[in-house]
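Please read the structure below before turning to the comments.
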Amino acid sequence: MTTLSGKTALVTGSTSGIGLGIALSLAKAGANLILNGFGDASTVIAEVEQFGGKVGHHPADVSDPAQIAEMLAYAEREFGGVDILVNNAGIQHVAAVEDFPVERWDSIIAINLSSVFHSTRLSLPGMRAKGWGRIVNIASVHGQVGSVGKAAYVAAKHGVIGLTKVVGLETATSNVTCNAICPGWVLTPLVQKQIDARAAAGVDPQQAQHDLLAEKQPSLEFVTPPQLGELVLFLCSEAGSQVRGAAWNIDGGWLAQ
Ligand code: NAD
């Protein structure tokens, strides 16, 4: 098992869903954790603290570069910097491109793409100075293929994969790696909203869930946050040290079609 004791991980958007699953896996492997995200963080902090490492929460809204900078300054002050950066915070909005609200476009690009640039540029100098670092960007299958109604999300996730490749190249001769993970459907609040929207249109909720999977994900099963956490641990391990600039699918076969 990968031991990350002595390392500090920052996981953006870790008060829920995938980010929380990844934070729990990293904490279980011994890392100190800086959580981030909206909502009451006290329950989540207690859940992560059970593994014995130091745990903090910073409430930065990652759509704001100044708040990201404050979060990284907090990490430096309280934890001695960030060794593992998991850029996970993300939102979704579904609408046809000609109806897409401009402010939703702007916030999806800011949260799902620009925040990855800002946290990366602010974390990299510290990782280089320490001679080790891992950057893992939670992209999506939608970083590699499109789906109707998801213009901003698909554009942002394609951008995340492009940024990952560049950072992977710029760090290629160092002990810092940068990779993207591309999940298919994971049953989190972000996806539950899409199931609920189908149910609101009159489809039985169980049927709505089945239809969502059947349209895209051949396994007909959701990917789980602990599975994504294990993949992050692999990328943090010595065995993962030559995975660089990759976009790694974990999608029940979605992209094999
Ligand atoms: P979620 O809605 O369960 O969690 C999102 C997290 O991000 C929450 O902690 C929320 O508070 C936080 N967040 C949202 N806006 C923020 C902001 N402006 N600043 C700081 N934190 C913010 O979503 P999820 O499904 O766990 O998604 C996590 C990531 O995984 C996203 O980047 C998403 O695009 C990606 N993803 C999800 C799926 C899926 O099927 N659920 C598939 C592929 C990729």
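The values are calculated or read from the model by the stated rules, or taken from the named source; none is laboratory data. Bear in mind the structure is a predicted one, so any value in this text is a computation, not a measurement. Cβ coordinates were reconstructed from backbone atoms using ideal geometry, including for glycine residues, and neighbour counts include every protein chain displayed. Just so you know, the surface numbers come from the protein's heavy atoms only, side chains and all, with ligands and any DNA or RNA stripped out. Shrake-Rupley method; radii C 1.70, N 1.55, O 1.52, S 1.80 Å.
Quick notes on this one:
- Selected residue (criterion: nearest to the chain's Cα centre (by Cα)) from residues of the range 107-150 that are more than 14 Å from the ligand (Cβ to nearest atom) and of a type in the set (A, V, I, L, M): ILE135
- Counted residues, the range 143-156 - those being open to solvent by less than 30 Å² (accessible area, probe 1.4 Å) and assigned to a helix (DSSP H, G or I): 5
- Test: residue in the range 192-207 that is of a type in the set (Val, Ile, Thr), open to solvent by less than 60 Å² (accessible area, probe 1.4 Å) and not assigned by TED's automatic domain parsing to the domain that holds ILE18: yes
- Among the residues listed as ALA46, ALA41, ALA27, the single one being of a type in the set (A, V, I, L, M) and surrounded by 24 or more Cβ atoms within 10 Å (Cβ to Cβ): ALA27
- Any chance LYS216 is charged (D, E, K, R), touching a helix residue (DSSP H, G or I) at 6+ places or on another chain (Cβ under 6 Å) and open to solvent by less than 50 Å² (accessible area, probe 1.4 Å): no
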